[in-house]
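K.L.:
Structure in structure tokens, see below.
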Amino acid sequence: MEQKPDFDKLFSRFLNNQATQKELDLFFQDLNGLGEEKLKNHINAEMQMEEQSIAVSQPHLQNIFAKIEQQIDRKPKSKLLWTKTWYKVAAAAAVVLGLGYLMLYNDVKQVNIVPGSSKAVLIINNEEKALDNKTIRSFSPAAAISVTTAADGSIIYRQISNDTTGLSALHTVSTPVGGFYKVTLGDGTQVFLNAKSSIEFPVGFYGAERHVKVNGEAYFKVAKNKKMPFIVSVGGTDVKVLGTEFMINSFAKQTKTTLFEGSVQLSYLSKRQILVPGEEGISDPSGILVNQADTAATLAWTNGLFVFNDQPLINVLQELSRWYDFTFDAESIPNKRLYIRLNRNTAFKDVLQMLQTTTGLNFKIEERRLSIEN
């Protein structure tokens with residue numbers, strides 16, 4: 001006699017869209033006898049297994065339950081699923097994790113929009129070379145520098161001697177909409193570029209400091225060198241470090257620096273501010289504002305995830321549009337706030353379904369332009 005899978009296994013397969021029809025039937029049978037508190041415990045346990053933990057509070061769940069019920073009430077009932085109260089709870093859990101059984105009831109038409117991927121261009125003297133699939137062979141832009149492509153397709157600058165000839169030559173790596181890329185600079189510093197971002201840097205470092213310029217969003221793991229501080233310029237903000245891990249985001253009309261390890265000094269106009277791990281500094285014309293950071297959400301894209309914790313819908317769409325390469329009318333977006341977590345490889349049609357489920361809005365996509373239907 002075949003042994004019935006335990007609930008933990010069924011729940012995990014449900015959340016990851018891996019359950020067979022038979023497993024789904026068993027799963028919903030078990031839900032009938034499961035209380036809400038036990039379900040929340042299962043949700044938290046599943047999240048803790050993933051390293052990117054997100055707190056699931058009662059207000060969060062109640063908010064999601066209400067939105068799920070609004071969406072479900074619009075659909076015809078079926079004897080198997082829609083009449084089961086705990087299906088709504090399970091669907092809410094799936095939405096919290098950014099995955100789930102609702103995708104099987106997706107009425108969003110397939111669109112020719114795909115998730116982003118690792119791709120960028122290398123710009124040298126205004127000439128561009130694609131960096132999308134290990135296309136760079138080893139070359140030497142300066143006497144002491146070799147440039148190679150790693151096994152993962154990222155580009156690596158390596159200083160192989162103390163010769164400073166040509167080290168000041170500037171290179172730029174730029175990602176398009178729907179792209180991300182990793183660069184290792186000549187000193188060993190690792191830079192992860194998000195979509196629609198760029199970094200300008202000298203092929204090698206020498207002298208009193210290491211200086212680079214960034215646009216968009218970049219995550220830095222700076223190689224330690226106490227004798228040569230590392231300075232990142234973005235807009236009017238300079239971020240000065242010795243060796244640390246931090247994120248810079250300049251997509252909005254401000255620059256946000258989030259610190260994960262070590263310390264940094266922000267300089268903006270005449271203002272100076274030291275950050276400690278877990279803090280973010282926001283530079284804008286009013287000065288530098290320091291807040292506690294949502295570090296898990298900020299780091300999520302470097303781990304292949306989107307995490308939005310109580311974020312305005314317009315912010316969610318702005319980030320998604322840079323990854324999936326679509327446009328939308330910002331003035332038409334209502335004032336809603338979302339809690340969403342999803343894999344960056346999620347199919348776009350499933351992303352639209354999730355947005356519809358969590359907002360109660362009807363989205364339409366035509367020629368890569370997203371709109372809201374009345």
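K.L.:
If I take R0 = 35 Å and measure r between the Cβ atoms of residue 327 and residue 169 in this structure, what FRET efficiency does the formula 1/(1 + (r/R0)^6) give, to the nearest 0.05?
P.N.:
Using R0 = 35 Å, I get an efficiency of 0.45.
K.L.:
Shifting gears a bit: Give the Cα extents of region 213-338 along the principal axes, in whole Å, largest first.
P.N.:
Reported extents, whole Å, longest axis first: 50, 32, 25.
K.L.:
From largest accessible area down, sort 145, 288; use a 1.4 Å probe on the protein chains.
P.N.:
288, 145
K.L.:
Quote the relative contact order of region 235-301 in percent (integer), defining contacts as alpha-carbon pairs under 8 Å separated by 6+ residues.
P.N.:
Computed over region 235-301, the figure is 27 percent.
K.L.:
With contacts defined as alpha carbon pairs under 8 Å and 6 or more residues apart, what's the relative contact order of region 196-290 in percent?
P.N.:
20 percent
K.L.:
Please identify which residues in region 227-241 have an amide N closer than 19 Å to a label point set 7 Å out from the Cα of residue 263, following the Cα→Cβ vector.
P.N.:
227-232, 238-241
K.L.:
Sticking with this structure for a sec: Note down the nm distance, to one decimal, between modelled labels 7 Å out along Cα→Cβ at residue 252 and at residue 22.
P.N.:
5.1 nm
K.L.:
Then there is this: Give me Rg over Rh for region 119-234, both radii from the alpha carbons and Rh done the Kirkwood way, two decimal places.
P.N.:
That ratio is 0.93, to two decimals.
K.L.:
By how many nm would the segment from residue 270 to residue 129 grow when fully extended, if each residue of separation counts as 0.36 nm and the alpha-carbon distance is taken off?
P.N.:
Full extension from residue 270 to residue 129 adds 46.9 nm.
K.L.:
Go through region 300-309 residue by residue and turn each phi into a ³J(HN,Hα) via Karplus (6.51, -1.76, 1.60, θ = phi - 60°); whole Hz please, and just put x for glycine and proline.
P.N.:
Result, rounded to whole Hz: 3, 5, 6, 9, x, 10, 10, 10, 10, 10.
K.L.:
Out of the total accessible area of region 283-363 (probe 1.4 Å, heavy atoms of protein only), what percent is carbon and sulfur?
P.N.:
On region 283-363, the fraction of accessible area on carbon and sulfur atoms equals 42 percent.
K.L.:
Okay, next question. Can you give me the C-alpha center-to-center distance between region 200-231 and region 255-306, rounded to a whole angstrom?
P.N.:
Here the answer is 17 Å between Cα centres.
The values are calculated or read from the model by the stated rules, or taken from the named source; none is laboratory data. Only a predicted model underlies this, so the values are computations on that prediction, with no experimental measurement involved. Every residue, glycine as well, gets a Cβ built from its backbone with ideal geometry; the counts of neighbours run over all protein chains shown. Protein only, heavy atoms only, side chains kept; ligands, DNA and RNA dropped before computing areas. Shrake-Rupley method; radii C 1.70, N 1.55, O 1.52, S 1.80 Å.
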